[in-house]
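The values are calculated or read from the model by the stated rules, or taken from the named source; none is laboratory data. The structure presented is a predicted model; accordingly, all values stated were derived computationally and were not measured. Here the Cβ positions follow ideal geometry from the backbone for every residue, glycine too, while neighbour counts run over all protein chains shown. Side chains included, ligands, DNA and RNA excluded: accessible areas come from the protein's heavy atoms. Shrake-Rupley method; radii C 1.70, N 1.55, O 1.52, S 1.80 Å.
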Amino acid sequence: MKAIIFDVDGVLINSKDESGKYLWDKNIEKDLWLTSDQTRQIYSGDWALVMKGLLDTRKYFKMMFTKLNIGLSIDNFIEYWIKHDLNTNTEIL
């Protein structure tokens, strides 16, 4: 078997700035009106279950948005996340 394995997050894709903060949420408060505390809460707790494929992403976001009283559409949040998470590391490529 021949395969190519890429370490994308942090190598081919710049995902964090110098301070360790994710680039995709750099302007999230201004753009989507989500506070850093809300973002932190979204990506803590049961987020590990989502990452392991044990909990559906959309269901998890719906649960958290309800809990945190976030009126943003889940589709808009995911679209924003994906759009702002693709920062190609041109120095490597």
Could you list, in sequence order, the residues of segment 37-63 that are in a loop (DSSP other than H, G, I, E, B) and either modelled with pLDDT under 90 or of a type outside the set (Asp, Glu) (or both)? 43, 44, 45, 52, 53, 54, 55
Tell me which residues, restricted to segment 64-93, are surrounded by 14 or more Cβ atoms within 10 Å (Cβ to Cβ) and outside any loop (DSSP other than H, G, I, E, B). 64, 65, 74, 77, 80, 81, 84, 85
Any idea how many residues of segment 30-56 are β-branched (Val, Ile, Thr) and either more than 14 Å from residue 77 (Cβ to Cβ) or open to solvent by 50 Å² or more (accessible area, probe 1.4 Å) (or both)? 1
